[in-house]
1. Tell me, yes or no, whether the stretch A:64-83 has at least one residue that is in a loop (DSSP other than H, G, I, E, B), surrounded by fewer than 20 Cβ atoms within 10 Å (Cβ to Cβ) and more than 12 Å from chain B (Cβ to nearest Cβ).
2. Here are some conditions: (1) more than 9 Å from chain A (Cβ to nearest Cβ); (2) more than 11 Å from the chain's Cα centre (by Cα); (3) of a type outside the set (F, W, Y). B:S10 meets all but one. Which one does it not meet?
3. Mind counting the residues in the stretch B:42-83 that are touching a residue at least 12 places away in the same chain (Cβ under 8 Å) and among the basic types (K, R)?
4. Residue check: is B:A60 of a type outside the set (V, I, T), surrounded by 20 or more Cβ atoms within 10 Å (Cβ to Cβ) and within 12 Å of the chain's Cα centre (by Cα)?
5. Is there a residue in the stretch A:26-47 that is outside any helix (DSSP H, G or I) and farther than 22 Å from B:G21 by Cα?
6. If I go through the stretch B:18-41 residue by residue, how many of them are without any contact (Cβ under 8 Å) to a residue 24 or more places away in the chain and either in contact with a His (Cβ under 8 Å, 6 or more places away or on another chain) or more than 9 Å from every other protein chain (Cβ to nearest Cβ) (or both)?
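What follows draws every value from the coordinates through simple rules; no lab data is involved. On a predicted model such as this, the values are computed, not experimentally measured, just so you know. Neighbour counts are summed over all protein chains in view; Cβ atoms, including those assigned to glycine, are modelled from backbone coordinates with ideal geometry.
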Protein chains: 2
Amino acid sequence: ADAAAGKAKSVVCAACHGTNGISQIPMYPNLAGQKEQYLVSSLKAFRDGQRKNMIMAPMAANLSDADIENLAAYYAKLDPAGK
Amino acid sequence: ADAAAGKAKSVVCAACHGTNGISQIPMYPNLAGQKEQYLVSSLKAFRDGQRKNMIMAPMAANLSDADIENLAAYYAKLDPAGK
């Protein structure tokens, strides 16, 4: 996976999940340092409607598998403490 | 919420999510330092079947709201870097 491409793709995600992957909004999860495979399966579940969320569905709808793998690689590599 | 009660309740969770809230299993998410409200809403979604997961459903089935709040408080306070 290409974390740099993931970073480029993550601009819209940062609005809720933070530019460093630590969310400023209590209801939205931190993504920094999360398990890469968990991020992939979550994004695919949102894309395919297996996991229902009105905010994430449109976010994930147009992501390709490659986009998803790159985003997951990017966030998994971020410092879980947000530095 | 009572994080100490959450810690006592978390023994079964540690099997997959790690004793320090950092999972050793790629598909299972880290919980350490996650957003408390996100943890509460996730556990309730698993308990109520809004979020479908064969492993988490039985884990959450018997949790009371207080258990869920205590577990969320416990995990949210753990060091996201797992120390």
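1. So in the stretch A:64-83, the residues in a loop (DSSP other than H, G, I, E, B) come out as A:64, A:78-83.
Narrowing the set further to residues that are surrounded by fewer than 20 Cβ atoms within 10 Å (Cβ to Cβ) leaves A:64, A:79, A:81-83.
Now drop any that are not more than 12 Å from chain B (Cβ to nearest Cβ), which leaves A:64.
Yes, there is a match, as at least one residue in the stretch A:64-83 is in a loop (DSSP other than H, G, I, E, B), surrounded by fewer than 20 Cβ atoms within 10 Å (Cβ to Cβ) and more than 12 Å from chain B (Cβ to nearest Cβ).
2. With respect to (1) more than 9 Å from chain A (Cβ to nearest Cβ); (2) more than 11 Å from the chain's Cα centre (by Cα); (3) of a type outside the set (F, W, Y), B:S10 is out only on (2).
3. Of the residues in the stretch B:42-83, 4 are touching a residue at least 12 places away in the same chain (Cβ under 8 Å) and among the basic types (K, R).
4. Numbers: of a type outside the set (V, I, T): yes; surrounded by 20 or more Cβ atoms within 10 Å (Cβ to Cβ): yes; within 12 Å of the chain's Cα centre (by Cα): yes.
Judged against the criteria, B:A60 is a match.
5. Restricting attention to the stretch A:26-47, the residues satisfying the condition of being outside any helix (DSSP H, G or I) are A:26-35.
With farther than 22 Å from B:G21 by Cα added as a condition, the list becomes none.
No - not one qualifying residue is present in the stretch A:26-47.
6. Matching residues across the stretch B:18-41 total 5.
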